[in-house]
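S.K.: Take this structure, written in structure tokens, and hold onto it; I'll ask about it next.
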Amino acid sequence: MNLLNKHLGFSLNLLAIALFIPGILLPMFSLAMEVNAQVANASLTSELINKEVSLVQTVQELWHGERFLVAILIFLFSICIPLVKSSLMSWAYFQKNTHVEKKIYNFVSVIGKWSMADVFVVAVFLAMLSTNHSETANRTALELFGFKMDLVISSETLSAVGVGFYYFTAYCLLSLLASQISQASIVKSSGNID
């Protein structure tokens, strides 16, 4: 049973890595924002933002926008720790029931708690998406040379989940499952973990 868990954990880890790569490179969400101005019977619409952003692009934009702390935290918790965790789990798989293997899985278990921050990143993206179909409108009466005109300025924000979100979420879940199964493979027949 332990050998089966070891192989299953490794296979799930490989699948998680395969999901992680498109998860950070493909668009995590899209955002569009338009402003519409109506004066009397005339209307003018302008698109302010229309972009799709991946996790890697988000880190780059934050860095270039000089929001270094946020960029570093997202990079660390959503890219670095998952890569370290997956690499260590792969390395542990090739260890043959040694003390090193047990140490690696225990260490992965510890950093796995920190890698739950990647789930937090997904939650932040979901919070950003809660602005979907957010619309504001301001109505003002404009008086020019004795003529009164109604001026309506409105904005609409639309956001949607991108395919990268689903890959990244699947990575998070599979990685967690792979860690649990792999760690269960090192349990001795007595039920203790060194």
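No value in this document is a laboratory result; all are computed from the given coordinates. Worth saying up front: this structure is predicted, and the values here are computed from it rather than measured. Positions of Cβ are generated from backbone atoms using ideal geometry, with glycine treated the same way; all protein chains shown enter the neighbour counts.
S.K.: Mind giving me the nanometre distance, one decimal, between the label points for Ile72 and Glu52, set 7 Å out from Cα along Cα→Cβ?
M.R.: 3.2 nm
S.K.: Calculate one ³J(HN,Hα) per residue across segment 46-54 by plugging θ = phi - 60° into the Karplus curve 6.51 cos²θ - 1.76 cosθ + 1.60, and present them in order as whole Hz with x for glycine and proline.
M.R.: Residue by residue, segment 46-54 yields 9, 8, 8, 9, 8, 8, 10, 10, 8 Hz.
S.K.: At 7 Å along Cα-to-Cβ for each site, give me the label-to-label distance between Val39 and Glu143 in nm.
M.R.: 1.8 nm
S.K.: Please compute the Cα-Cα pair-distance distribution of segment 1-83 with 10 Å bins starting at 0, giving whole percents from short to long.
M.R.: Histogram of Cα-Cα distances, whole percents per bin: 15, 28, 23, 17, 11, 4, 2, 1.
S.K.: Per-residue HN-Hα couplings for segment 166-171, Karplus 6.51 cos²θ - 1.76 cosθ + 1.60 at θ = phi - 60°, whole Hz, x for Gly and Pro?
M.R.: These are the phi-based 3J(HN,Hα) values: 5, 4, 5, 5, 4, 4 Hz.
S.K.: Moving on to the next point. Distance between the C-alpha centers of segment 153-185 and segment 8-65? Whole Å please.
M.R.: Using only Cα atoms, the two centres lie 14 Å from each other.
S.K.: Multiplying the sequence separation of His99 and Val84 by 0.36 nm and subtracting their Cα-Cα distance, what value in nm do you get? If you can, show how the numbers build up before the last one.
M.R.: Values: separation 15, 0.36 × 15 = 5.40 nm, distance 1.95 nm.
So the chain would gain 3.4 nm between His99 and Val84.
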